[in-house]
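Below you'll find the structure, written out as structure tokens, and then a few comments.
The values are calculated or read from the model by the stated rules, or taken from the named source; none is laboratory data. Worth saying up front: this structure is predicted, and the values here are computed from it rather than measured. Cβ coordinates were reconstructed from backbone atoms using ideal geometry, including for glycine residues, and neighbour counts include every protein chain displayed. The protein model used for the area step is the full one, side chains on, heavy atoms only, and it has no ligands, DNA or RNA in it. Shrake-Rupley method; radii C 1.70, N 1.55, O 1.52, S 1.80 Å.
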Amino acid sequence: MKLPYDVEMIRADFPILHQEHSPGIPLVFLDNAASSQRPNQVIDAMSDYYRKYHANVHRGIHKLSEAATTAYENARLKVQKFIHAAHHEEVIFTRGTTEGINLVAYTWGRANLKPGDVVVTTQMEHHANIVPWQILAEQVGFTLRFVPLLEDGTLDMDEYDRLLRDEPVKMVTVVHCSNVLGTVNPVAEMARKAHAAGALILVDGAQSVPHMPIDVQALDVDFFAFSGHKMIAPTGIGILYGKREHLESMPPWLGGGDMINTVSLEGSTWNDLPYKFEAGTPSIAEAIGLGAAVDYLTALGMDKIHQYEQMITTYAMERLAEVPGLKIYGPEKGRGAVTAFSFDGFFPHDLAQLLDNEGVAVRSGHHCAQPLHDRFCIAATTRASYYLYNTMQEVDALIEALLKIKRLFG
Ligand code: 7TS
């Protein structure tokens, strides 16, 4: 099998991967959908900033502040290019996907939604794309509708079409790639249909941006949120992309320093984009780290990363199918790099514990997607999720561990 890149060269950049779980047992990290690991290039970029040019941004005219501001704004330009946004003002630094979605709900939502309106989301969302809308619906009185899932873990697109046709939909908010099923939703088609019905669309890109090339203009989405920590960047940093026309007309969310133009005791005026939505001292080191992560991913090539992950996920699906009593959820083909499963005779938490004893890190639980698990009448699953540095041998280690656990405890 010819691989798109030399994975051992990639692994050499990630110091955390070169440790043993316990004496004689290598660490196999398959919990990347929860958070990925960092290469030296990202760690060094942050450490350089702290060692050589830490100062606040957009404030001082002294040398260190200017250097910090330049690095912070360069990170924004790198992200703009990475997701192919038309303007750098459309790239807002947030703390992550959760904050990006909340920002849209509390600013665009509060200003534009009224009783009788409908917001459409789906049954496969992460709680981060359900709960903010539920809180707002309670306050405003609009109705939240959910596109149901078919048995194979894809969206019921007939029902999506019906909702757009029959109901006064103002916003569609949908996950790009499911963190449990791996389903990749047809967001370009969904955006086209939403716009034709007079609605906007927000896409939760937490599980897509790290794994595939993204072009927000080609997708023609209005908002797009993602997190740094799932794409080899630091925690505490993420991006909300929004079309300039929407961001300009939206009221600010958090008030404070940097987001204002003028302040008097009588009232305040707002700063230009993107600063209108970046109140207070931002996560400077984390933004610089995100810029370094974007450099790393770009140099390797998102198309190659996607191709590699497709190979490893296909291999994992084939090998998991060999394990008796194991059931994988989600579509067979065209999925992201996650495999959530149940295993006859084992509670997911027990299984994750037993796998950890073998050095294999996976996640168990509802993965912040309880309605999705309700849909399939299960409380929890065990999930192995893969990233650019995982190897076919690590998939083999997962399978061997599963077979051993079944032999010993099944
Ligand atoms: N949306 C999706 C699809 C996610 O997978 C996650 C995190 C979020 C939103 C929230 O991202 P955050 O960075 O703001 O926390 N998903 C998971 C997971 O699957 N396991 O742990 C976190």
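Of the residues making up the range 79-89, just one is touching a His at 6+ places or on another chain (Cβ under 9 Å) and more than 16 Å from the ligand (Cβ to nearest atom), namely Gln80.
Residues that are more than 21 Å from Met124 (Cβ to Cβ) and either within 15 Å of the ligand (Cβ to nearest atom) or hydroxyl-bearing (Ser, Thr, Tyr) (or both) within the range 200-230 comprise Gly228, His229, listed in sequence order. Selection over the range 246-272 of residues that are assigned to a loop (DSSP other than H, G, I, E, B) and more than 16 Å from Val57 (Cβ to Cβ) gives a count of 8. Filtered by the rule that a residue be touching a residue at least 12 places away in the same chain (Cβ under 8 Å), in a helix (DSSP H, G or I) and open to solvent by 20 Å² or more (accessible area, probe 1.4 Å), the range 10-25 gives Arg11, Pro15, Ile16.
When Thr314 is tested against the conditions (1) within 16 Å of the ligand (Cβ to nearest atom); (2) in a helix (DSSP H, G or I), the lone failure is (1).
Taking residues in the range 92-107 that are under 15 Å from Gln139 (Cβ atoms) and modelled with pLDDT of 95 or more, and partners anywhere that are more than 9 Å from the ligand (Cβ to nearest atom) and open to solvent by 10 Å² or more (accessible area, probe 1.4 Å), the pairs with Cβ atoms closer than 6 Å and at least 6 places apart or on different chains are Tyr106/Trp253; Thr107/Pro251; Thr107/Trp253. Considering the range 321-410, the qualifying strands (runs of 3 or more DSSP E), each wholly inside and each with 1 or more residues that are modelled with pLDDT of 95 or more and surrounded by fewer than 23 Cβ atoms within 10 Å (Cβ to Cβ), run over 326-328, 338-343, 363-365. So, in the range 231-243, of the ones that are under 20 Å from Ala292 (Cβ atoms) and in a loop (DSSP other than H, G, I, E, B), which residue ends up farthest from the ligand (Cβ to nearest atom)? If we take residues in the range 231-243 being under 20 Å from Ala292 (Cβ atoms) and in a loop (DSSP other than H, G, I, E, B), then Ile232 is farthest from the ligand (Cβ to nearest atom). For the range 237-251, the count of residues that are at pLDDT 95 or above and within 20 Å of Met9 (Cα to Cα) is zero.
The listed residues are Val7, Val28, Val57, and the only one of them that is over 26 Å from Gly182 (Cβ atoms), buried (at least 16 other Cβ atoms within 10 Å of the Cβ), modelled with pLDDT of 95 or more and of a type in the set (Val, Ile, Thr) turns out to be Val57.
Residue by residue, here is whether (1) touching a Cys at 6+ places or on another chain (Cβ under 8 Å); (2) in contact (Cβ under 8 Å) with a residue 12 or more places away in the chain; (3) on the phi > 0 side of the Ramachandran plot; (4) aliphatic (A, V, I, L, M) holds:
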residue: Glu151; (1), (2), (3), (4): no, no, no, no
residue: Thr154; (1), (2), (3), (4): no, yes, no, no
residue: Val175; (1), (2), (3), (4): no, yes, no, yes
residue: Lys193; (1), (2), (3), (4): no, yes, no, no
residue: Ala197; (1), (2), (3), (4): no, yes, no, yes
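Of all the residues in the range 276-301, those that are surrounded by fewer than 19 Cβ atoms within 10 Å (Cβ to Cβ) and out of contact with any strand residue (DSSP E or B) (no Cβ under 9 Å at 6 or more places or on another chain) number 7.
For the range 251-272, state whether one or more residues are buried (at least 22 other Cβ atoms within 10 Å of the Cβ) and either of a type in the set (A, V, I, L, M) or under 30 Å from Ala397 (Cα atoms) (or both). No - not one qualifying residue is present in the range 251-272.
Mind telling me which of the residues Ile101, Ile61 ends up being in contact with a helix residue (DSSP H, G or I) (Cβ under 6 Å, 6 or more places away or on another chain) and aliphatic (A, V, I, L, M)?
On the way: Ile61 fails: in contact with a helix residue (DSSP H, G or I) (Cβ under 6 Å, 6 or more places away or on another chain).
Of Ile101, Ile61, the one residue that is in contact with a helix residue (DSSP H, G or I) (Cβ under 6 Å, 6 or more places away or on another chain) and aliphatic (A, V, I, L, M) is Ile101.
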